[in-house]
Amino acid sequence: MRQTICCASTVTEYGPSTYGDRVADVYDRTPQVLARDTERAVAALAELAGRGPVLELGTGTGRLALPLAARELAVHGIDASEEMIKKLRAKPVQLEASMHDPVTQRIRSHHIMMSNEGGTQLYPVQVRYAWPSELDLMARLAHLHLRSRWSDWDQTEFTAMSRSHVSVYASSAGR
Ligand SMILES: C[S@@+](CC[C@H](N)C(=O)[O-])C[C@H]1O[C@@H](n2cnc3c(N)ncnc32)[C@H](O)[C@@H]1O
């Protein structure tokens, strides 16, 4: 069977803003964008940027620019598409301001959300953290022992450089 596929627009209509203007409404929900490991990209870029500033060419809806700015880096962006920039501007900006007391192992934070619609909102968080060795002691007191410790859910080796840990404890009864 022969099929004819026809296009409403021609290539000659394609300019620097065409892609962004057409895709802006759905960009953040496209499978290609959802499949990207944004968290790892942002962590790697932040490490490369050091204290900044950062210049992103083709900022789009702010997938990378907004989380980089939330890390208190000065981010400058440029984009040919006004529609993409409108989407970026409509997103709330999240910042975090924290005070850390290493003696009492306490962190007092405020998550700050700023948006065009909601203005500025503060969400307070207060935590007392425990080091892995302290957790192991608490576990021992509860008759548990450490079975595994990784630095993430992919079971990456836990080292002195790890920024998080996943610890698995098992019952010591009948050991
Ligand atoms: C695939 S999106 C990437 C957006 C964002 N950097 C990200 O990673 O999610 C590419 C962006 O580049 C912009 N762009 C394309 N050609 C451009 C040009 N000549 N000048 C400035 N921006 C351009 C588009 O409007 C679009 O927002």
Amide H contacts under 5 Å for LEU144, restricted to residues at least 5 apart in sequence or on another chain and with H modeled in the peptide plane, are SER172
With the convex hull built on the alpha-carbon atoms of the range 132-171, volume per residue in Å³ sits at 58
Calculate the all-directions average of the projected area of the range 11-91's alpha-carbon convex hull, and give it in nm². 5.6
Using θ = phi - 60° and the Karplus curve 6.51 cos²θ - 1.76 cosθ + 1.60, what whole-Hz ³J(HN,Hα) does each residue of the range 113-128 get, with Gly and Pro shown as x? 10, 10, 9, 4, 7, x, x, 10, 10, 10, 10, x, 9, 10, 9, 10
So what J values fall out for the range 34-45 if you push phi through Karplus, 6.51 cos²θ - 1.76 cosθ + 1.60 with θ = phi - 60°, rounded to Hz, Gly and Pro as x? 4, 6, 6, 8, 5, 4, 5, 4, 5, 4, 5, 5
Under 10 Å, Cα contacts only: if you run a Gaussian network model on the chain, which one of GLY118, GLY62, GLY20 comes out with the highest mean-square fluctuation? GLY118
Over the Cα atoms of the chain, what is the Rg over Rh ratio if Rh follows Kirkwood? 1.13
Have a look at SER148, SER98, SER115 and tell me which one the Gaussian network model of the chain (Cα, springs below 10 Å) gives the largest fluctuation. SER148
For GLU96, other-chain or 5+-apart residues with amide H closer than 5 Å (H placed, Pro excluded) are ILE112
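We did not get these values from a lab; they are worked out from the coordinates using the rules stated. Here the structure is a predicted model, which is why all the values come from computation and not from measurement.
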